[in-house]
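Scroll down for the structure; my scribbles are underneath it.
The values are calculated or read from the model by the stated rules, or taken from the named source; none is laboratory data. Remember, it's a predicted structure, so these values are computed and weren't measured experimentally. Glycine also receives a Cβ, built like all others from the backbone with ideal geometry; neighbour counts cover every protein chain displayed.
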């Protein structure tokens, strides 16, 4: 009954890392500067927000759902929180008061984000409408609310608020530290808590999960609240990094990148299978393609074709792997 | 003469198996789950072409690559789990994949309907071809599948546990159709675990064990005991090891329980150490009663008391917290979490006990504990549960519920689709649990099982409770009589 090291299983579970290493090797042979420390930092910085959203997205996908709202909810959270931290000497600021203390605003922003997700999560859980539809609707609503809140970008944000997205500790970007913390948090939730076990159970077989005493509805609300919380973290980073929040463009189509990363990372759309480490590899693969092909001066459209092929290919491989098991 | 020989040297699933089927005869395949019966059939019909070996059909060597090839050559299979297109009509399901057409690729609906009528008439089936497939009972769907096989002019029809969800009358009808098929010189390969059925309809029986061929013989030369010995390779002494144990005070009291139209005014008491059987035909409302008690189905009336205290159970979560467990009838749909490990499957109903962050070490020791105690056969506790045989999956689920330490254990068809060896183990386990003072409700459609195990039997018919029978009065005639009776049970008349 002892757990033994299974080489085959290890390889099949981590084949995605081999793909990543292969890609890095290919790109760095063509362009040695790619592997420099500075470029690596740039690469991760560029993918951090999408990556954090993917850590949320994977929960939704693992429960046989999807969360198409994250880009738009990020925009809404970004403009609202940014409006609370505009510098006092800025003449065109949105609100007459402020800036409020950054830690307070950030906490409020995160809670606000989680509540948005809990709201459409409850819609999915209690009305049983398909998550694709519910989150598509919520996406339109969130984006519209952001535009109603302000019709122009919210800028001149306090340095304290920008610290997470823009700041550095000893020369090291804080955004990467936040990314690592979110990775750890996602991994902790998924493997070390009841909530995580429930996510797998609900995604694998929701009826059996209910019989086993799991509150399926609460679990779904939790999943979308977490996904939206991740979007809110992303929102603060985006606004901080850019120094402004744009209701029309902040987070635009980020949900699709998050879906792509989660999918490449082996999250099963038929539910019940996901690994945080796999999703991390998925993000990095997308990052290498984005960053590397730009360095190689590959045309934008070509880059997207490569990305498309990787997404489709990863799912084909995954399905074959799972089909063989059966 | 139909003659099939197959060999698979070196392959784990089937180690050089042979099978010879005669036309116009019913040939039953027997063996514990995982013995290789289904795999062999999948080889035959082209789902998994054999790695080596030969299949000779009608004197010619064949090797089907797809089920369609097999179908067209005259071999069809009726799977244990039917896969109809529920939203379309019976006729469309029947002619699926070969819908008759007229000019301009238009579907010839008229011909389709007429052909269906003719076919059903020939087989004596009372099915309307225009009915939506999803509205049929499982039995009727199966009949349609058989009709489909006949329409392909099949010479061999394989039936994988066809009776597992049929009522007794439906089984009778099925057997009549099988007799009919025999008369048409069709060979039927029949897979089942039910001894009485097998001896009723089989001409030949072949036994497999662990992917190996054990023996073939004519049914008249075999007995139940001989067959079981062949199947398990050891003696299974007692099928229903009933041990009388002292029955204690009332644990559960159900008063006028109702749940919509499925359960109407059911009342009973359950005692410590008691096994309370629930008998009835399909649709009697037994599963629904269990679901209503367990909070899986909304109660529309009635009260539930445990240890004299009224419970307000709204969800399985509440039920588990109050020491009630339900082993569901539909193992795959409502039981196992297929992709997850044995450990997760065992611990899932008991997650509250593992704290925050989860204590994985304790989870593993608890699981190992039950794997040993319940004799679960698995390579290790991280194996996905879907890789285990049905019997072992069931044992894992029993372990899951025992881990929650329930006072009341409701088991719904606990041995359905399970091989003889595991069945006996589950029976003795249930008896042992009753001996330890747990109160057990046993829902079973197998008369010998429910009569062999229970202290009392509740009989239900279409949602009403028609009788509570004491062990001393058990007889299948009496229970069947109540199972078709419309008179609700009146306690004042009997227990005085």
*Would you check if residue B:485 is surrounded by 18 or more Cβ atoms within 10 Å (Cβ to Cβ), out of contact with any helix residue (DSSP H, G or I) (no Cβ under 6 Å at 6 or more places or on another chain), part of a loop (DSSP other than H, G, I, E, B) and at pLDDT below 85?*
no
*Just for strands (runs of 3 or more DSSP E) wholly inside the stretch B:291-380: which have at least 1 residues that are over 29 Å from residue B:80 (Cα atoms) and within 12 Å of chain A (Cβ to nearest Cβ)?*
B:324-327
*May I ask you to verify whether residue A:212 is touching a residue at least 24 places away in the same chain (Cβ under 8 Å) and buried (at least 24 other Cβ atoms within 10 Å of the Cβ)?*
no
*Inspect the stretch A:107-114 for any residue being part of a loop (DSSP other than H, G, I, E, B) and within 22 Å of residue A:222 (Cα to Cα) and give the result as yes or no.*
no
*Among the residues of the stretch B:312-325, is there at least one that is in contact (Cβ under 8 Å) with a residue 24 or more places away in the chain, under 21 Å from the mean Cα position of the chain (by Cα) and crowded, with 24+ Cβ neighbours inside 10 Å?*
yes
*Limited to the stretch A:156-175, what total is found for residues that are over 24 Å from the mean Cα position of the chain (by Cα) and surrounded by 16 or more Cβ atoms within 10 Å (Cβ to Cβ)?*
2
*helices (runs of 4 or more DSSP H) enclosed by the stretch B:72-165 - at least 3 residues per element that are surrounded by 19 or more Cβ atoms within 10 Å (Cβ to Cβ) and modelled with pLDDT under 85*: B:138-151
_Given the criterion surrounded by fewer than 19 Cβ atoms within 10 Å (Cβ to Cβ) and in contact (Cβ under 8 Å) with a residue 12 or more places away in the chain, identify the matching residue among A:227, A:277, A:268._
A:277
*asked:* Looking at the structure I just gave you, is residue B:299 within 23 Å of residue B:390 (Cβ to Cβ), at pLDDT below 95 and buried (at least 18 other Cβ atoms within 10 Å of the Cβ)?
replied: no
*asked:* Name the residue that is nearest to the other protein chains (Cβ to nearest Cβ), counting only residues in the stretch B:381-394 that are out of contact with any strand residue (DSSP E or B) (no Cβ under 6 Å at 6 or more places or on another chain) and either at pLDDT 95 or above or in a loop (DSSP other than H, G, I, E, B) (or both).
replied: B:381
*Considering each of A:203, A:165, A:196 in turn, give the residue that is within 14 Å of another protein chain (Cβ to nearest Cβ), in contact with a helix residue (DSSP H, G or I) (Cβ under 7 Å, 6 or more places away or on another chain) and touching a residue at least 60 places away in the same chain (Cβ under 8 Å).*
A:203
